[in-house]
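Visitor: Please find one structure pasted underneath; my questions will follow.
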Amino acid sequence: MKTFTKNYIGKGKQVGEMEIVKIYIPEDKLKACVFEIDGQRFVGFEVAKMLNPDKFGRTHTVYYTEKAAPATPEKPTRKSRKRKAEPATDDLPY
């Protein structure tokens, strides 16, 4: 099971009745979202609608995820517990 940590970095508000969300992220928090693939830098984050608007009328939250270390070791599954037959290492024909 993959476990991810959500790092909240900002909030946003839906613009009128349109499907547009205007978000605000402090620059120092945005730098934590930068990652690199094949020498090219990207900024990645998620925007999620909140269940209820906050006291400032913001309707969306912004966060980035990172893979977290498992808190407890995972239990082995039945498949992983089964021993696989190991090939013979000697060169004898019988």
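Values in this text are rule-based calculations from the coordinates and carry no lab data. Note that the structure is predicted; figures quoted are calculated from it, not measured. Neighbour counts run over all protein chains shown; Cβ positions are idealised from the backbone, glycine included.
Visitor: Give segment 47-56 a look and list any residue that's within 15 Å of the chain's Cα centre (by Cα) and touching a residue at least 24 places away in the same chain (Cβ under 8 Å), or say none.
Guide: The answer is 47, and nothing else.
Visitor: Within segment 1-20, how many residues are of a type in the set (Asp, Glu) and in contact with an Asp or Glu (Cβ under 6 Å, 6 or more places away or on another chain)?
Guide: Counting residues in segment 1-20 that are of a type in the set (Asp, Glu) and in contact with an Asp or Glu (Cβ under 6 Å, 6 or more places away or on another chain) gives 0.
Visitor: To continue, here is another question. Restricting the first residue to segment 17-42 and requiring it to be more than 26 Å from residue 58 (Cα to Cα), which pairs with a second residue that is loosely packed, with under 10 Cβ neighbours inside 10 Å and among the hydrophobic types (A, V, I, L, M, F, W, C) meet a Cβ separation below 6 Å and a spacing of at least six or different chains?
Guide: Once the first residue is more than 26 Å from residue 58 (Cα to Cα) and sits in segment 17-42, its partners that are loosely packed, with under 10 Cβ neighbours inside 10 Å and among the hydrophobic types (A, V, I, L, M, F, W, C) give 35/42.
Visitor: Filter segment 3-16 down to residues that are in contact (Cβ under 8 Å) with a residue 60 or more places away in the chain and out of contact with any Ser or Thr (no Cβ under 6 Å at 6 or more places or on another chain) and give me whichever is surrounded by the most Cβ atoms within 10 Å (Cβ to Cβ).
Guide: Looking at residues that are in contact (Cβ under 8 Å) with a residue 60 or more places away in the chain and out of contact with any Ser or Thr (no Cβ under 6 Å at 6 or more places or on another chain), I get 5.
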